[in-house]
Every structure is written in structure tokens, then in C-alpha cells.
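No lab work stands behind these numbers, since they all come straight from the coordinates. The structure presented is a predicted model; accordingly, all values stated were derived computationally and were not measured. Methodologically, a virtual Cβ is constructed for each residue, glycine included, from the backbone with ideal geometry; neighbour enumeration extends over all protein chains shown.
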Amino acid sequence: MEKEITNIKTIISREALNELPDFLKNNLNISHPTLICDENTFKAGREVLTRLERERISLKVCMLKCKEICKADETSVGSLLLDIDIKADCLIALGTGTITDLTRILAYKLSLPFVSIPTGTSADAFASSVSPVFINNIKKTLQAKMPEAIFADTTILKNAPKRVNAAGFGDFLSKGIPKTDWYISNIVNNESINNKSLKIIQQPLNRCIKKINELGAFHEETIKTLMDGLIVSGFSIALAGSSRPASGSEHQISHFIEYNINLGKTSFFFHGETVALGAYIMTSIYNNLFSLSYNDFHNLLVSKNKKKEIKESREEIFSRVFDADSKGIIDNWKKNRSNRKRMEKLVKLLSVNWKYLQKTVKNNIFDIDQFRDLMNKSGVPFDPIKMGFSPTEISDMIICAKEMNNKYTLLNLLDELNLLDYFAIQLTRNLLTFSEPQ
């Protein structure tokens, strides 16, 4: 069922913060706001306190203190919940993805309005109606609250660390992949599509690409355009009632990497960086798969279903990769494995829709050279080899990522067709070849 977009007041300008005190007092009738931040975002947004104090608005600060990187997990939610004053009548999120996701959940649980003040453009969390949070090390998407307003000061945004802003490009420029994943699920599972939620992303995406090419990624106008796109991405989620229009197979890979970051198995990367990596992998797979004619695809399918590509069984891979969490993942994988009847249905549906899917890929997914060019201009890392991942780790990402949520994507389809292992091997080889010094 289609949901209406909440009427969120959105200001993206150098003067955005000027309107914050008046909005709190006159629009929300707020007297005891609570600011949610961490140590870094507090420094970036000290002007918020100055402006509110000048207007005699008393503000309590709840600062999330982290040893290294703050995480959106059950510990952080609990810590902030204990720190929020019982008199609080509004929450103000001062930060980027993690702080905004945490504030959104707290506002939902406490039935409080909240206002978002972004301090960088690292992810599309600002206007969303859901929040991804780690619970027992697995990333879950929870129902949350949309903000009453977003005050994005472009002076603060452009002065954010370049790596933070670059990550936002990695997240936003990937939006063609979830769109195509959704169309695939529509064809093979009859999953309904909210086309309006997809359409509203396209115009800001085109503008953002144009600004990157004309002005460069870190020009203030480009950052402003990126922020607008990230906010619209959140609107699309609210409109669809799920993260479908903004999150697909590239986010499954991102969530898998973040799962390993959370366990200390992988070095830290920003969310937008892991999305860019996931988008690079999925862009490669989409282009390789749908460059084939249907006859060539069918021959590949018949050939690869006759032999095993990887020596390890799927159960062995899951046990090695997921360790203590593997039993539930193995059970879920077995339950969803395709049988002969399902395989025949998939093959028939693909034969009828192959040219349509080829056109969808061409219209929505960059060719690999375009993708590399845009990511290089945006300054976001995306090549898993250059980011320090081994061939085995890259193969594991492709094979295991779809287990991170219940969303049906191209990764799920390839697994049902018994082609996922093949594409994991082929892509890893291609990445190794491309990443070799020339």
C-alpha cells in the first residue's frame, strides 16, 4: 500500500540554521529539546548551541561516546535512551548516518518529534522512515520516525572531511541497482513496484551527475545537489513503505562488509564506501550477465549446472564466514533453495523477459567505465582489491551477502539458478586482472 510522504520542512543553504530557533518555538512549540550527537559532530555543529542559547532555548546534550567509531546498535540505543531527560519534548540529530538513524529510532520509541541537522553527506539517512541497526551483530531494518524538518547548512557540509562527503556519492550514485533488482523481483516473484518512489530519485540523480562533471564533486553547489538527492532518497523510502527504492544487492554486500567490521574482522569503512564497493561488484555482474544473448545465457546455465564451481559446499562457506551465526543462516538458505519446478519457472520467465531486462539494465545501470569515472571523480574508494580485500573475501561477499536480509535481488536469482558461485569466481578474476599495476 502506497504511503504519503510526510511534509518535511527542508532547507539546504548557507543560512539554513537561521530558521532553526523559530521553527522549534513556533512550529513545534518546543521548550526542552535534546541534542543527539557524538564527539566529532558536536565540534562540527557548535553553532547550533550558540544560536539556540541566543534565543533562550535551553538545550540538553546527549553525546554518544565511542572508543573508535560510533555504531548504530542496541548498545548505542540503550545508552542514549538512558541519557535523555524525561522532560524532553523534541530530539535534534546533529550528525550523519549513524546519529540520524539512532535519533530516528529514539523518536519513534518515545513518540517525540525530531529535527535533523546534517554535518556531512555520507549516507541517505536524513529523511528516511526506517533505520538500519545492528542487533546481535546482524543489521536489521527497523521502523522509525521521519524528521519534522531538515536544516542542512552548506557551510558545515562543505567543510566536512572529504572522505565523509565522498561516501555520500558512493551511496547515492548506486540507486540504479536497487531499481533494477526490484524489477527482477517483480518479474520472478510478482512483487509489486511503487514506480513513483523510483521516479522521484531520477531527477536529482541526473543533476548530481551533471554537477560532478561540470563543477567537481566537492564544489559547494555539487554538495548541495548531493544533499538534496540523499534527502529525496529518504522520501522515496517513505513513499514505498520500505527501503526497496534505495537499497538493493549493493546494500546486501555493504551490510555483509559492515557485519564483518562490527565483529572486528575487517577494517573500518564508511557506509557509503561499502555501498560503492557493492555497487562496483553488482555493476560488473549486471553488465556481464545481460551483455549475453538469451541463448548464450541459457547455454551458460546448462553448462554450469552440470559442474561444481567451488570446492567448498555452501554450508561449509557459511560455517566459516558466519561462525556462531551460521546455523540460522544455513537453515534459512536450505528453506529457500529452488527445486526443479521453481527452476523451470525462472527459466521460462527469463526467456520471455530477457530483452526487457537488458533494456532495464542499459537504462538504469552505468557501464563499468562510466561507474569507475564517476567514483574516481567523487573520491570514493570502490575497488575491493585496492581496499585490501583478498580474492576469498570478495568471493565470500558475493556468495554470502544475500543472507543479510530478505530482499530479493539479482544475487538471489543467480543463487536459485546455481550461477552465483560461477559469477563470484569470474568477477574476482576480472577484478584481480583490472587491479594489476599497468
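Can you give the Rg/Rh ratio of region 207-272, where Rg is from the C-alpha atoms and Rh is the Kirkwood radius? Don't jump to the answer; show the numbers that get you there.
Details: Rg = 15.0 Å, Rh = 13.9 Å.
Over the Cα atoms of region 207-272, Rg/Rh equals 1.08.
Return the distance in nm (one decimal) between the two label points of a simple spin-label model at N137 and K43, each offset 7 Å from Cα along Cα→Cβ.
With each label placed 7 Å out from Cα toward Cβ, I get 3.2 nm.
Starting from region 85-121, pick out the trypsin sites (Lys or Arg not before Pro) whose DSSP state is loop and whose Cβ has at most 13 other Cβ atoms within 10 Å. If you can, show how the numbers build up before the last one.
Values: sites: K87, R104, K109; in loops: K87.
In loop regions of region 85-121 (DSSP not H, G, I, E or B), the sparsely surrounded trypsin sites (Lys or Arg not before Pro) are K87.
For S351, project a label point 7 Å along Cα to C-beta. Then give me every residue of region 383-414 with its amide nitrogen under 17 Å of that point.
Under 17 Å, as judged by backbone N against the label point of S351, lies no residue of region 383-414.
Antiparallel as a % of all DSSP beta bridges within the chain, to the nearest 5?
Working: 6 of 28 bridges.
If we restrict to bridges inside the chain, about 20 percent are antiparallel.
In which sequence would R56, R46, R372 go, from the one with the fewest C-beta neighbours within 10 Å to the one with the most? It would help to have the intermediate numbers written out before the result.
Numbers: R56 8, R46 12, R372 16.
Fewest-to-most ranking of R56, R46, R372: R56, R46, R372.
Could you list the residues of region 149-184 with an amide nitrogen less than 16 Å from a label point located 7 Å from the Cα of S267 in the Cα-to-C-beta direction?
163-164
Using the Cα centre of region 9-160 as the reference point, and only Cβ charges (+1 on K/R, -1 on D/E), how large is the resulting charge dipole? Debye, rounded to the nearest 20. Working shown, then result.
Values: 19 positive and 18 negative charges, 17 e Å.
It comes to approximately 80 debye.
Give the list, by residue number, of cysteines in the chain with no other Cys Cβ closer than 4.7 Å, or say none.
Cysteines of the chain left without a disulfide-compatible partner: C37, C62, C90, C208, C400.
What ³J(HN,Hα) values, in whole Hz, does the Karplus curve 6.51 cos²θ - 1.76 cosθ + 1.60 give for region 33-47 when θ = phi - 60°, with x put for Gly and Pro?
Using θ = phi - 60°, the values come out as x, 10, 8, 9, 7, 10, 5, 6, 6, 4, 5, 5, x, 4, 4 Hz.
Given T103, A123, S293, which one lies farthest toward the positive end of the charge dipole of the chain, if we put +1 on the Cβ of every Lys and Arg and -1 on the Cβ of every Asp and Glu?
It is S293, whose Cα lies furthest towards the positive end.
Note the per residue figure in Å³ for the convex hull of the C-alpha positions in region 317-423. Provide the component values of the computation, followed by the final result.
Numbers: hull volume 14.5 nm³, N = 107.
Convex hull of Cα atoms, per residue: 136 Å³.
List, in the order given, every pair from K139/K304; K175/K308; K158/K402; K265/K327 whose Cα-Cα distance in the structure shown is over 28 Å.
Values: K139/K304 32 Å; K175/K308 33 Å; K158/K402 35 Å; K265/K327 19 Å.
As for pairs spanning more than 28 Å Cα to Cα, those are K139/K304; K175/K308; K158/K402.
At 0.36 nm per residue, minus the direct Cα-Cα distance, what do L81 and E19 gain on full extension? Give it in nm, one decimal, please.
Working: separation 62, 0.36 × 62 = 22.32 nm, distance 2.76 nm.
Roughly 19.6 nm would be gained on extension.
Per 0.36 nm of contour for each residue apart, how much would the distance between T50 and N7 grow if the chain were fully extended, relative to their Cα-Cα spacing? Can you show the working numbers first?
On the way: separation 43, 0.36 × 43 = 15.48 nm, distance 2.77 nm.
Difference between extended and current length: 12.7 nm.
Indicate the gyration tensor shape class of the chain (rounded, prolate or oblate), computed on the Cα atoms with a ≥ b ≥ c the square roots of the eigenvalues: a/c under 1.5 is rounded; otherwise a/b larger than b/c is prolate and the rest oblate.
Details: a/c = 1.91, a/b = 1.75, b/c = 1.09.
In terms of gyration-tensor shape, prolate.
So, R0 is 22 Å and r is the distance between the beta-carbons of K362 and H298; what FRET efficiency does that work out to, to 0.05? Before the final figure, lay out the partial values.
Values: r = 20 Å, r/R0 = 0.92.
Efficiency computed from Cβ-Cβ geometry: 0.60.
Of the peptides 160-171, 137-148, how do they stack up when ordered by the mean number of other Cβ atoms within 10 Å, highest first? Don't skip to the end; give the middle numbers.
Numbers: 160-171: 24.3, 137-148: 19.3.
Descending packing order for the listed peptides: 160-171, 137-148.
List the pair-distance distribution P(r) of region 9-160, using every Cα-Cα distance, as the percent of pairs falling in each 10 Å bin from 0 up to the bin containing the longest distance, rounded to whole percents.
Over region 9-160, the share of Cα pairs per 10 Å bin runs 12, 46, 35, 7, 0 percent.
Only helical DSSP H runs with n ≥ 4 go in: add -39500 (n - 2.57) per run for the chain, normalise by residue count and round the 222 nm mean residue ellipticity to 500 deg cm²/dmol.
Numbers: 19 runs with 244 residues, N = 438.
Mean residue ellipticity at 222 nm (helix-derived): -17500 deg cm²/dmol.
Return D38, D369, D181 ranked ascending by Cβ neighbour count within 10 Å, so the fewest neighbours appear first.
Numbers: D38 21, D369 9, D181 26.
In increasing order of surrounding Cβ atoms, one gets D369, D38, D181.
Given F366, S378, L346, which one lies farthest toward the positive end of the charge dipole of region 339-379, if we put +1 on the Cβ of every Lys and Arg and -1 on the Cβ of every Asp and Glu?
L346
Could you list Y408, Y280 in order of exposure, starting from the residue whose Cβ has the fewest other Cβ atoms within 10 Å? Walk me through the numbers on the way to the answer.
Working: Y408 22, Y280 26.
Exposure proxy ranking, most exposed first: Y408, Y280.
Starting from the amide H of L91, placed 1.01 Å from N in the peptide plane, find each other amide H under 5 Å away whose residue is 5 or more places distant or on another chain.
So L91 has HN proximity to T34, F114, V115.
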